[in-house]
Amino acid sequence: MPPVPRPAGRTDPLGAPWPGLIPLRPLAVSEILTTAAAVVRAHAVVLCGLAFAGAVVSGGITLAVLSGFADRSAYFSADWLEKALTGEAGIPAVVLWPLLASAVFSLLVTTSISGLATVFATDGALARPSGAASVKSRLGGRWWILLAVGLLTSVAVFLGAILLVLPGLIAFAAFGLAVPVAAMEGAGPLASMRRAARLARGSMLRIFSVLVLAIFLSSLISTLVTSIASPSADLTGVAISLGIAALVSAITTPWTSAVIALLYIDTRIRREDLAKTLLRSVMQP
């Protein structure tokens with residue numbers, strides 16, 4: 001009987017096949033974080049370029065909306081935040097509208113990057129070339145589904161956080177993998193969210209912890225970099241701050257998206273033995 005062919009690539013110390021970016025076994029958190037960086041490096045032109053362009057446009061939206069207000073003093077002061085937290089006053093319009101307008105656009109860009117990162121991470125795991133053809137095969141005609149999933153997930157987390165903090169945290173973990181599901185499994189918006197919730201069942205703490213860690217590290221880097229500059233409290237200062245934030249976002253947004261993509265793959269390996277399916281795909285001629 002002829003020997004069973006093995007896929008090309010390395011074999012990790014635990015004996016799992018390692019044909020591409022990841023060994024085909026459950027991943028450690030450190031492996032998810034470092035492999036996400038490898039995904040970003042391999043596709044920096046697309047992922048970082050889109051993230052930077054999106055952040056620049058989002059910043060432009062903020063400036064455009066902010067410039068429409070004659071009195072911008074509340075935007076440059078933290079007094080409103082203290083009053084809002086104590087219930088004395090709501091969020092000033094000069095703060096709310098620029099934030100809301102840029103947040104909606106940023107959500108669309110971030111969701112698109114997450115879909116692309118999922119395709120790139122999956123192709124990388126299979127040691128397959130990933131480019132326009134692969135993206136079109138997976139995401140062609142489905143961009144609106146990705147955007148709907150991103151929007152619905154954000155609304156669910158936001159409403160949960162407003163009603164009570166705990167439901168928001170649960171929604172954050174339950175729907176955290178919904179965009180990769182929509183990108184890779186061909187499901188519609190609501191079906192993707194239900195599927196993500198089923199995947200998270202029994203793994204919610206791990207998913208939540210990895211997502212929070214990735215967001216924390218990205219936020220820490222952003223805070224450290226932006227704190228170096230001390231722009232003036234005017235529109236010029238806002239433009240400088242947004243420009244610095246765009247440069248940071250060009251790295252942190254794709255990396256966080258790649259972490260989510262790899263967390264999706266890891267969760268399916270743990271819960272559904274996806275490693276065998278990936279191995280069969282690798283070995284197909």
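The values are calculated or read from the model by the stated rules, or taken from the named source; none is laboratory data. These figures come from a predicted structure and were not determined experimentally. Quick reminder, even Gly has a Cβ in these numbers, built from the backbone with ideal geometry, and neighbours come from all protein chains shown. Heavy atoms of the whole protein, side chains included, go into the accessibility calculation; ligands, DNA and RNA do not. Shrake-Rupley method; radii C 1.70, N 1.55, O 1.52, S 1.80 Å.
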## Note on the structure
If one builds a Gaussian network model of the chain from Cα atoms under 10 Å apart, the most fluctuating residue listed among 255, 143, 97 is 97
### Query
What fraction of the Cα pairs in the chain, stated in percent, has a spacing above 35 angstrom?
23
### Summary
Once both label points are put 7 Å beyond Cα along the C-beta direction, the residue 219-residue 93 separation in nm becomes 3.0
### Linear extension gain, residue 37 paired with residue 206, 0.36 nm per residue minus alpha-carbon span
58.9 nm
### Message
Using 0.36 nm times the number of residues separating residue 239 and residue 159, minus their current alpha carbon distance, what extension gain do you get?
### Response
25.7 nm
### Query
Hey, what number do you get for the chain at 222 nm if only DSSP H runs of n ≥ 4 count, each worth -39500 (n - 2.57), divided across all residues, to the nearest 500?
-24500 deg cm²/dmol
### Task
Return one quarter of the surface area of the convex hull spanned by the alpha-carbon atoms of the range 175-233, equal to its mean projected area, in nm².
6.0
### Query
With every protein chain left in place, what is the accessible area per residue of the range 212-285 in square angstrom, probe 1.4 Å?
51
### Summary
So, relative contact order of the range 151-285 in percent, Cα under 8 Å, 6 or more apart, is 21
### Task
Order these peptides, 114-125, 202-213, by their mean beta-carbon neighbour count within 10 angstrom, highest first.
114-125, 202-213
### Calculated Rg and Dmax of the range 194-285 using C-alpha coordinates, Å
19.0, 61
### Task
Can you tell me the relative contact order of the chain? Whole percent, Cα pairs under 8 Å, sequence separation 6 or more.
29
#### Entry: Three principal axis lengths of the range 46-154 [C-alpha, angstrom, descending]
56, 26, 22
### Candidates 23, 180, 167, ranked by Gaussian network fluctuation over the chain, Cα under 10 Å, top entry
167
